[in-house]
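Structure, as structure tokens:
The values are calculated or read from the model by the stated rules, or taken from the named source; none is laboratory data. Just so it is clear, the structure is predicted and the values come from calculations on it, not from any experiment. Note: ideal-geometry Cβ built from the backbone for every residue, glycine included; neighbour counts use all protein chains shown.
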Amino acid sequence: MFVDESGFQLPPVVRKTGQTPVLANWDRHDRITAVTALAWTPATNHMQLYFELLPHNAKAFDFL
């Protein structure tokens, strides 16, 4: 089994352009954690993908 975890910030990325930026969004600092697992059964040569989005930072309990 192979497991991977990635975190994503929800606010847009702001870059310097020389002009004052106008952002059409609200001030949010939320994040989403994506946890995926790829499981392979050698006896049947069967592959399965597991995927879950978490509204918080992943902890050890989330991987059990």
Flagged pairs (Cβ under 9 angstrom, 6 or more apart or on separate chains; first in the stretch 36-63, farther than 18 Å from Phe8 by Cβ and without any contact (Cβ under 8 Å) to a residue 12 or more places away in the chain; second among the aromatic types (Phe, Trp, Tyr) and part of a strand (DSSP E or B)) are His46/Trp40; Met47/Trp40; Gln48/Trp40
Being in a loop (DSSP other than H, G, I, E, B), out of contact with any Asp or Glu (no Cβ under 6 Å at 6 or more places or on another chain) and modelled with pLDDT under 80 narrows Thr17, Thr44 down to just Thr17
With the first residue restricted to the stretch 1-29 and required to be more than 30 Å from Ala39 (Cβ to Cβ), and the second required to be at pLDDT 80 or above and surrounded by 10 or more Cβ atoms within 10 Å (Cβ to Cβ), Cβ contacts under 6 Å at 6 or more apart or on different chains are none
